Amino acid sequence: MKAINLLLSCLFFLSIQAQEKIDRKALAKRNNVHVNQFDSLSSLSVGNGSFAFTVDATGLQSFPKQYQSGIPLGTQSVWGWHSFKDTVGYRFEETLRDYPFDGRKVSYGVQIKDPKRSLEAGNWFRQNPHRLQLGNLGFEFDKKDGTIAQIEDIKDVNQELDLWTGVIKSSFTIEGELVEVQTLVHPKQDMIAVKVKSTLLKEERIHLKMVFPFPSNAFADMGVDYTQASKHYSRASDYQKGVLFQHFLDSTRYFVYLQASTNTYFQWTTQKEHEFVMGIGATDEFSFTCHFQQKERLSPSPDFASVAQANQEAWQGFWTKGAAVDFSNCKDPRAKEIERRIMLSLYLTKIQCANSQPPQETGLTYNSWFGKPHLEMHWWHGVHFPLWNRAELLEKSMGWYQDVAPMAFAIAKRQGYKGLRWQKMTDPKGAEAPSSVGAFLIWQQPHYISFAELLYRKNPNATTLKKYRDLVFATADFMADYASWNPTTKKYQLGKGLIPAQERFKPEETFNPSYELAYWDWALKTAQDWRIRSGMKRNTTWDSVIKFLSPLPVQDQVYLSTESAKDSYTNPVFLTDHPSVLGTFGMLPNKGMLDTSIMRNTFNLVWNKWDWKDTWGWDFPMTAMSATRLGMPEKAVEALLMPIKTNTYLINGHNYQDARLRLYLPGNGGLLTAIAIMCAGYDGNKIKNPGFPKDGNWDVRWEGLQPFF
């Protein structure tokens, strides 16, 4: 049956490809971003997946303090991490607390409030290492009277992000004089390239300003802490046609090489520590590159023209080789906004999330949770890449799991389980960050199997199996061992001792959440498929857990959030946060555990009773996925555009949550996954565009999308 379903999906996919080809360039350009004023929530970014540079309306980071409460003017790289010196000698063991779960003592790294030393240790390991803001590079403009222009002196703002070329084009006036700027990033190096054209250049009234901030050591880091001058060290020196900067923070040291591409020169001065102003020789047009480097490599940088050519080729390759969805033939007025969100989400996830590590939720713009990635969120960051026929962008981060697997094995061993337990809040080396919530989450555990299965579907061969199967099997070993036998029900159950994706439940009381049960079932069955594909016998332990896994908890013909919460839909507390019960048949297929009529009842109850104001950005695409599988396409569209603050998509495409999280990339990734399912469907689907109404108003054309599980 599975083979037949896959064949039907492939035939359906091929039939779609017979339609007229989408004009990729026109699709990109009609969704370009236009900014006409200084607005801290409208900053724009350029990047390559491993490095991103965010600018204000001048095309550089000229006014970082004015943007710190919006989308900050960040400069971040995948390698840019720092730890403060541990002068106390904290040990991770000081954060551990034993919990009596399933007849055994299990240790978790948590935020222990007493004794004080344990609390301080927990804070230390959460805060270190943290991702760095590498520096602010902006303009400084001289007015006619010799004073420095302020933000209110800059008029006639006209800025465009050209999606097709990945270039930000900015123009504005200062005292009536036009300034034009182009900003872009090298596709393979942590380097920006900038071209400036203005009569102010001839008058030597345009300068560059480099400022090195100090890390905030806080939940968020907007890169504007200039108050700790004595705690770090910066220096500049002339080098060839440019300036070499070195920045020292404790044991961290990195380099920034600013190099002119045109026949002019820099004259740098400094009046404040960590702040350097570069004068530019008189010229009509000026271009330069700025290369951020972890190590000192002083070979000449490519010039602006070379970087621009490489950047253009990379972006046109991105837009032409992956999937595309075109809403231009749709009559429903909502279609235009959905297309805008899609195109900007494709751009943002490419520049922020496609690197050698799982990304943080705010990507490479500013820190949230100290810049650390959360592995349960990697599903939302990464699943859409193979669905949009860009599997190689997910593959980039899979090597990280191989690198940090020893840490994951150590966690499982410490807790007395087989296999490996994937971390929740982590860092480049795979260390575990203490958390009184995150330590008890389990829904990140099967993600590796999801990723591996998607990559196998792209390349179903022995090479793929060999590359990922060891960690697929080790992941499943933990899952099977984690499930505990309940002698009363004669079933394996999950918990007590967990917090589900809906983070509203106490770990000491919670067991058998619906979504996690279904994910356990799917992942163990998929791991068995990997054994069979590899010519191996089925794992009898996994089979036992699959056969005797607790059923999804039902009450009054609806699925409960967890079996331990019989008041799932009567207690207001349990009607907030992620409605992850919908992920049971949305993020996952029905592998035999689920009754679709009960799931439909559940969907309707959640739709009508949930406190949608207290949700997160990925909850809306998750709801759309569930609606699509349930044959409710109008609800799928309504979910994508539900008028809730956390479902806001700013002019630059960022998914705004609140004053703390002004951007939230899991929402963007979730939208792309939902659209893939709404268009290309899933295994066994026979309906064209199953997530869109069949009322004649949704002529959605697409190509290159892959069906989901």
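I'd like the trypsin sites (Lys or Arg not before Pro) in region 436-517 restricted to DSSP loop residues with at most 15 other Cβ atoms within 10 Å, sorted by number.
Within region 436-517, the qualifying trypsin sites (Lys or Arg not before Pro) (loop, at most 15 other Cβ atoms within 10 Å) are Lys490.
Say the dipole of the chain comes from +1 at the beta carbon of Lys and Arg and -1 at that of Asp and Glu; which of Met642, Pro373, Ser107 then lies farthest toward its positive end?
Most positive-ward Cα: Ser107.
For region 101-112, take each phi angle, set θ = phi - 60°, evaluate the Karplus expression 6.51 cos²θ - 1.76 cosθ + 1.60, and give the result in whole Hz per residue in order, putting x for glycine and proline.
Residue by residue, region 101-112 yields 10, 6, x, 9, 8, 10, 9, 10, x, 10, 8, 6 Hz.
What is the spin-label model distance, in nm, from Thr489 to Lys591 if the labels are put 7 Å beyond Cα along the C-beta direction?
Placing both labels 7 Å beyond Cα along the Cβ direction yields 1.8 nm.
Helix 116-127 versus the longest principal axis of the chain: what is the Cα-based angle in degrees, 0 to 90, to the nearest 10?
With rounding to tens, the tilt is 70 degrees.
For Tyr664, list long-range residues whose amide hydrogen, built 1.01 Å from N in the peptide plane, is under 5 Å from its own amide hydrogen.
Asn655
I need the P(r) histogram for region 447-578: all alpha carbon pairs, bin width 10 Å from 0 out to the longest distance, whole percents.
12, 38, 29, 17, 4, 0
Beyond a 24 Å Cα-Cα separation, which of these cross-linked pairs lie in this structure: Lys331/Lys688; Lys467/Lys496; Lys25/Lys350; Lys144/Lys241?
Lys467/Lys496; Lys144/Lys241
Could you size up the charge dipole of the chain around its Cα centre, putting +1 on the beta carbon of Lys and Arg and -1 on that of Asp and Glu, and report it in debye to the nearest 20?
Once rounded to the nearest 20, the dipole reads 2180 debye.
To the nearest 20 Debye, how big is the dipole of region 492-606 about its Cα centre, given +1 on the beta carbon of each Lys and Arg and -1 on that of each Asp and Glu?
In debye, rounded to 20, region 492-606 gives about 560.
For a quick check: with amide H placed at 1.01 Å from N, whose amide H comes under 5 Å from His578's, ignoring anything fewer than 5 positions away on the same chain?
Those qualifying (amide H under 5 Å, at least 5 residues apart or on another chain) are Glu503.
R0 = 60 Å: FRET efficiency of Glu203 with Ala462, Cβ-based, nearest 0.05?
E between Glu203 and Ala462, to the nearest 0.05, is 0.35.
Looking at this model, which pairs from Lys85/Lys396; Lys116/Lys231; Lys188/Lys209; Lys321/Lys396; Lys424/Lys506; Lys321/Lys466 are more than 20 angstrom apart at the alpha-carbon?
Over 20 Å apart, Cα to Cα: Lys85/Lys396; Lys116/Lys231; Lys188/Lys209; Lys321/Lys466.
With point charges of +1 on the Cβ of Lys and Arg and -1 on the Cβ of Asp and Glu, referenced to the Cα centre of region 338-696, which listed residue (Thr623, Pro460, Met425) lies farthest in the positive direction of the dipole?
Projecting each Cα onto the dipole axis, the largest value belongs to Pro460.
Relative contact order for region 338-696: what percent, with Cα pairs under 8 Å and sequence separation of 6 or more?
16 percent
Which whole-number percentage describes the relative contact order of the chain, with Cα contacts under 8 Å and a sequence gap of 6 or more?
Answer for the chain is 14 percent.
Under 22 Å Cα to Cα from Lys591, which lysines show up? Leave out anything in the same chain fewer than 8 places away.
The qualifying lysines are Lys2, Lys458, Lys490, Lys491, Lys525, Lys537, Lys547, Lys686.
If you place +1 on the Cβ of every Lys and Arg, -1 on the Cβ of every Asp and Glu, and leave all else neutral, what size is the dipole of region 74-216 about its Cα centre, to the nearest 20 Debye?
Dipole size: approximately 740 debye.
Per q in 0.13, 0.20 1/Å, what log10 I(q)/I(0) does a Debye calculation on the alpha-carbon atoms of region 338-437 return?
Values returned for q = 0.13, 0.20 Å⁻¹ are -0.50, -1.02.
Setting aside same-chain residues fewer than 8 positions from Lys645, which aspartates and glutamates have a Cα under 15 Å from its Cα?
Straight-line reach from Lys645, under 15 Å: Asp577, Asp611, Asp614, Asp619, Asp658.
In whole Hz, with x marking every Gly and Pro, tabulate ³J(HN,Hα) for region 80-85 from phi via Karplus 6.51 cos²θ - 1.76 cosθ + 1.60, θ = phi - 60°.
x, 10, 8, 10, 6, 5
Could you run the Karplus curve 6.51 cos²θ - 1.76 cosθ + 1.60 with θ = phi - 60° over region 57-69 and give me ³J(HN,Hα) per residue in whole Hz, x for Gly and Pro?
5, 7, x, 10, 9, 7, 10, x, 5, 6, 9, 5, 9
Let me have the 222 nm mean residue ellipticity of the chain computed from DSSP H runs of 4+ only, each contributing -39500 (n - 2.57), with the sum over all residues rounded to the nearest 500.
-10000 deg cm²/dmol
Which Cα, out of Tyr254, Ala282, Leu200, lies furthest along the positive dipole direction of region 195-316 (beta carbon charges, K/R +1, D/E -1)?
Of the listed residues, the answer is Tyr254.
Bear in mind that the values in this text are calculations on the coordinates, not laboratory data. Just so you know, these numbers come straight off a predicted model, no measurement behind them. Don't worry about glycine lacking a Cβ; one is built from the backbone with ideal geometry, like all the others, and counts go over all protein chains shown.
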